[in-house]
Amino acid sequence: MSELSKEPTPDSAEDNAFFPSPYSLSQYTSPKTNFDGVRHKDAYTEGRWKVLMIATEERYVLLDNGRMFSTGNHPVEMLLPAHHMMAAGFDVDVATVAGYPAKLELWAMPREDEAVLTTYEALKPKLKQPKKLSDVIADDLGPDSDYLAVFIPGGHGAVVGLPASPAVGQTLDWALSQDRFIITLCHGPAALLAASLGRQESPFKGYSICVFPDALDEGPNIEIGYLPGRLQWLVADLLSKQGVTVVNDDMTGKTHQDRTLLTGDSPLASHSLGLMAADALVGAANASA
């Protein structure tokens, strides 16, 4: 049996762009997740509270060597936490910064995982035609907003657009000021950088989080051909410089909650983060009833 290649796979849709190598996909993806059921099936029935998902509409990350990484939102990191929240009774709305369709890393889709696939089908119309985030801010955010949480999935695509978006920063400000939950994992916490735009200090200074380990993006992810080169900056590094404490240095599926900020370290944390998010949302919804 021939060994799988560690060379990144060319993406013919863009100049000098690459998907992860066959070998890296054999290590990082699987046909099923570790999903083993939800904890709060139909627990929330009032119908008011919803979740706002901010997804990336960006497909390509430009790397240090001029190559492009063909990425987007990681499907497990997006769809498994959403599955738990939706199963508990919370609708999920999808927004992107410009209102363009959300991009997914379909090469990471677990093709035999019913929970993920059914949630994908349910959300697909919203992913194809998401709300524009500035419209959500203008029309749907405020003290009486029906959004109980802001959810930002991971995937390397989250490092493009979201960290530099004033609209993302405004949404995070709103969530903090209204004591709403912020749920994110893997590279999704890159979006937290948007909260510091135009400020001397991040409002997340003093918070602790889980995030994808920089060491993997700097070393193994390049060595096995998952990334076709080095990222221009590293998520944990920049967040740490803003006074955020990163509580993990490896990828084990760890989750963490600090006040209303819920985070996870990688795709491996998707199921646990979904359970944690459903716990938090159901508890808060019941308390507000």
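Has the stretch 224-237 got at least one residue that is among the aliphatic types (A, V, I, L, M) and either surrounded by fewer than 16 Cβ atoms within 10 Å (Cβ to Cβ) or part of a helix (DSSP H, G or I) (or both)?
yes
Going through ASP173, ASP217, ASP250 one at a time, which residue ends up being modelled with pLDDT of 95 or more, over 28 Å from LEU63 (Cα atoms) and either buried (at least 18 other Cβ atoms within 10 Å of the Cβ) or not basic (Lys, Arg) (or both)? Don't jump to the end; show me each part of the working.
Working: ASP217 fails: over 28 Å from LEU63 (Cα atoms); ASP250 fails: over 28 Å from LEU63 (Cα atoms).
Every option except ASP173 fails the conditions.
For ASP179, all conditions in the list (1) part of a loop (DSSP other than H, G, I, E, B); (2) closer than 30 Å to ASP11 by Cα; (3) charged (D, E, K, R) hold save one; what is the number of the exception?
That leaves (2) as the condition not met.
Yes or no: PRO31 of a type outside the set (Lys, Arg), within 30 Å of SER165 (Cα to Cα) and modelled with pLDDT of 95 or more?
no
Is it true that LEU117 is modelled with pLDDT of 95 or more, within 15 Å of the chain's Cα centre (by Cα) and surrounded by fewer than 17 Cβ atoms within 10 Å (Cβ to Cβ)? Even if it seems obvious, please write down each step before you answer.
Values: modelled with pLDDT of 95 or more: yes; within 15 Å of the chain's Cα centre (by Cα): no; surrounded by fewer than 17 Cβ atoms within 10 Å (Cβ to Cβ): yes.
In short, no.
Of the numbered conditions (1) open to solvent by 60 Å² or more (accessible area, probe 1.4 Å); (2) in contact (Cβ under 8 Å) with a residue 12 or more places away in the chain; (3) in contact with a strand residue (DSSP E or B) (Cβ under 9 Å, 6 or more places away or on another chain), TYR23 satisfies every one except a single condition; which is it?
(3)
Select from the stretch 241-256 the residues that are in contact with an Asp or Glu (Cβ under 9 Å, 6 or more places away or on another chain) and either under 27 Å from SER70 (Cα atoms) or free of Cβ contacts under 8 Å to residues at least 12 places away in the same chain (or both) and list them in ascending order.
Of everything in the stretch 241-256, those that are in contact with an Asp or Glu (Cβ under 9 Å, 6 or more places away or on another chain) and either under 27 Å from SER70 (Cα atoms) or free of Cβ contacts under 8 Å to residues at least 12 places away in the same chain (or both) turn out to be VAL246, ASN248, ASP249, ASP250, MET251, THR252, GLY253, LYS254, THR255.
How about the stretch 209-240: which of its residues are without any contact (Cβ under 8 Å) to a residue 12 or more places away in the chain and among the hydrophobic types (A, V, I, L, M, F, W, C)?
Selection gives ILE222 alone.
I'm trying to understand the selection: among the residues of the stretch 253-269, which are part of a strand (DSSP E or B) and open to solvent by 10 Å² or more (accessible area, probe 1.4 Å)? Full working, then the answer.
As a first pass, look at the stretch 253-269 and keep what is part of a strand (DSSP E or B): 255-258, 261-264.
Across the stretch 253-269, the qualifying residues are THR255, HIS256, GLN257, ASP258.
State all residues of the stretch 145-171 that are in contact with a strand residue (DSSP E or B) (Cβ under 6 Å, 6 or more places away or on another chain) and assigned to a loop (DSSP other than H, G, I, E, B); if no residue qualifies, say none.
Residues satisfying the conditions are ASP146, PRO153, GLY154, GLY155, VAL160.
Any idea which of GLY155, GLY161 is touching a residue at least 60 places away in the same chain (Cβ under 8 Å), crowded, with 24+ Cβ neighbours inside 10 Å, in contact with a Ser or Thr (Cβ under 7 Å, 6 or more places away or on another chain) and at positive phi?
Details: GLY161 fails: crowded, with 24+ Cβ neighbours inside 10 Å.
Only one candidate qualifies: GLY155.
For the structure I just gave you, tell me whether ILE137 is open to solvent by less than 10 Å² (accessible area, probe 1.4 Å) and either within 20 Å of LEU262 (Cβ to Cβ) or touching a helix residue (DSSP H, G or I) at 6+ places or on another chain (Cβ under 9 Å) (or both). Outline the logic, then answer.
Numbers: open to solvent by less than 10 Å² (accessible area, probe 1.4 Å): no; either within 20 Å of LEU262 (Cβ to Cβ) or touching a helix residue (DSSP H, G or I) at 6+ places or on another chain (Cβ under 9 Å) (or both): yes.
The answer is no for ILE137.
Looking only at residues in the stretch 40-74 that are surrounded by 23 or more Cβ atoms within 10 Å (Cβ to Cβ) and of a type in the set (Ser, Thr, Tyr), which one is farthest from the chain's Cα centre (by Cα)?
SER70
Residues in the stretch 270-282: is at least one open to solvent by 10 Å² or more (accessible area, probe 1.4 Å) and either among the polar types (S, T, N, Q) or part of a loop (DSSP other than H, G, I, E, B) (or both)?
Within the stretch 270-282, one or more residues are open to solvent by 10 Å² or more (accessible area, probe 1.4 Å) and either among the polar types (S, T, N, Q) or part of a loop (DSSP other than H, G, I, E, B) (or both).
The values are calculated or read from the model by the stated rules, or taken from the named source; none is laboratory data. What you are looking at is a predicted structure, and each value in this text was computed from that prediction instead of being measured. Please note: Cβ atoms are built from the backbone with ideal geometry, for glycine as well, and neighbour counts cover all protein chains shown. Ligands, DNA and RNA are stripped out before the accessible areas are found, and what is left, the full protein with its side chains, is counted by its heavy atoms. Shrake-Rupley method; radii C 1.70, N 1.55, O 1.52, S 1.80 Å.
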